[in-house]
Structures are given as C-alpha cells and as structure tokens.
Amino acid sequence: MEYKRKKKKKKLWVILVSLWTFFLAVTFTWISRLLLHNLRSVVISFILLIFIIFVGIIFDVIGTAVTAAEEKPFHAKASKKIYGAKKSIYLVRHADQVANFCNDVIGDISGIVSGVIGTVVIINVSLLAEINEVHLSILMAGIISAATVGGKALGKILAINKPTDVVLFVARILTAMDRIYFWRKTNR
C-alpha cells in the first residue's frame, strides 16, 4: 500500500513540475522579451543576459550540492541549534525534487531565456552596426554556451567538494525567507 502511495506521489510531482515549468518558462520568456523589446540598450541587454546565465549556474550548484550532501552533518548542526540546519535536512531528504527543480526547471528556463535575450542582443547590435547577423548569431551562441557550460563546470566542483556548506547557505536563506513570510503573515 505504501509503495502505491509513493508511486502516485511521484507521478503527481512529475505532473506538477511539468506544469510549473511550462508556466515559468512562458512567464520568464514573456517578461524578458517585453523588457528587451522596449529596451534598446545593448549594454543593459547584455547585463541581463549575464544575470540569467548566472542564475542558471547558481541553481545548478544548489541542485548538485543537495544530491551530493549527506544528512548526518545537518543532524549534528540541528542538535546544536545552528540556524538553517533543519531546512538543510529537509532539502537533503527531498534531494530528488530539489535537484529536479533547480537543475532541470530553472536550468532549462534560464537556457531558453538566455537564448531569447541573445537573439534580441543580436538584433539590436545588427540594427546599430552593419554586421552580418549569421556570424553574430554563431558567435553569440558560442559565448552563451561557453559561459553556461564553463560556469556550471566550476559550480559543480564547488558543489561536490563543499556540499554541506552550499546546502547550509541555501537553507539559511530559505529559513530567513520563511521567517519573513511568517512575520508578514502574522502581522496582517
């Protein structure tokens, strides 16, 4: 009976994460497209592109660290009442879902959005200067790919070598956000 319930819960997670991915991808792509359509500055567009790539790298680090981390150190930290340790245990226990969300959902969305932003940068640059769009798009694809893959490779080194530190850092941020939300909710 327990097996069937877990299997049903996993199927529900797949459906839920698929729906979330669809709506997040549409929303972020629409927002970035809207911003960049009204924003003709190549510099600001490029800064936004770097930011989106960086977000993808950070979430990849989190997803990898959660899968590499072990639960034992966080139990020791929780017994000493170290801030964020309980949330760390939760993250490690739900490593499959956390990694799926961080690596796949956010990672894929940041890849799609960075491609959209890269295209808009190419269009804006080609409007400003007489540059062949084909060569520029090939160069931009290389830059985006190299920055993403290289950044994720560096991030994975950190996540695998220091998973406890990464997970605890993220757990502390999430705990602070929970406390702010709880505080705001109780003051209403």
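Among residues that are touching a helix residue (DSSP H, G or I) at 6+ places or on another chain (Cβ under 8 Å) and either farther than 24 Å from residue 150 by Cβ or at pLDDT 95 or above (or both), residue 58 is included. Within the bounds of the range 125-146, is there any residue that is farther than 26 Å from residue 13 by Cβ, in contact with a Leu (Cβ under 7 Å, 6 or more places away or on another chain) and among the hydrophobic types (A, V, I, L, M, F, W, C)? The answer is yes; a qualifying residue exists. Restricted to the range 14-46, and to residues there that are part of a helix (DSSP H, G or I) and polar (S, T, N, Q), the residue that is nearest to the chain's Cα centre (by Cα) is 21. For the range 113-130, the tally of residues that are closer than 24 Å to residue 149 by Cβ and either in contact with a helix residue (DSSP H, G or I) (Cβ under 6 Å, 6 or more places away or on another chain) or among the hydroxyl-bearing types (Ser, Thr, Tyr) (or both) stands at 10. Screening the candidates 133, 70 for the property of being modelled with pLDDT under 85, acidic (Asp, Glu) and in contact with a helix residue (DSSP H, G or I) (Cβ under 9 Å, 6 or more places away or on another chain) yields one hit, 133. Taken together, 64, 21 contain a single residue that is of a type in the set (S, T, N, Q), touching a residue at least 60 places away in the same chain (Cβ under 8 Å) and in contact with a Cys (Cβ under 9 Å, 6 or more places away or on another chain), which is 64. Here residue 77 meets each of (1) modelled with pLDDT of 95 or more; (2) buried (at least 18 other Cβ atoms within 10 Å of the Cβ) with one exception, condition (1).
Yes or no: the range 41-53 includes at least one residue that is modelled with pLDDT under 85, surrounded by 20 or more Cβ atoms within 10 Å (Cβ to Cβ) and either within 25 Å of residue 145 (Cα to Cα) or among the β-branched types (Val, Ile, Thr) (or both). Yes, the conditions are met somewhere in the range 41-53. Among the residues making up the range 113-156, a single one is among the acidic types (Asp, Glu) and under 22 Å from residue 32 (Cα atoms): 133. Filtering the range 128-175 to residues that are surrounded by fewer than 17 Cβ atoms within 10 Å (Cβ to Cβ), within 17 Å of the chain's Cα centre (by Cα) and among the small types (Gly, Ala, Ser) leaves 145, 150, 153. Here residue 93 fulfils each of the conditions (1) surrounded by fewer than 15 Cβ atoms within 10 Å (Cβ to Cβ); (2) in contact with a Gly (Cβ under 7 Å, 6 or more places away or on another chain) apart from (2). If you go through the range 97-155 one residue at a time, how many are touching a Lys or Arg at 6+ places or on another chain (Cβ under 9 Å) and among the basic types (Lys, Arg)? The total comes to 0.
The values are calculated or read from the model by the stated rules, or taken from the named source; none is laboratory data. Small disclaimer: the values here were computed from a predicted structure and weren't measured. Counting neighbours? That spans all protein chains shown, and the Cβs are built from the backbone with ideal geometry, glycine included.
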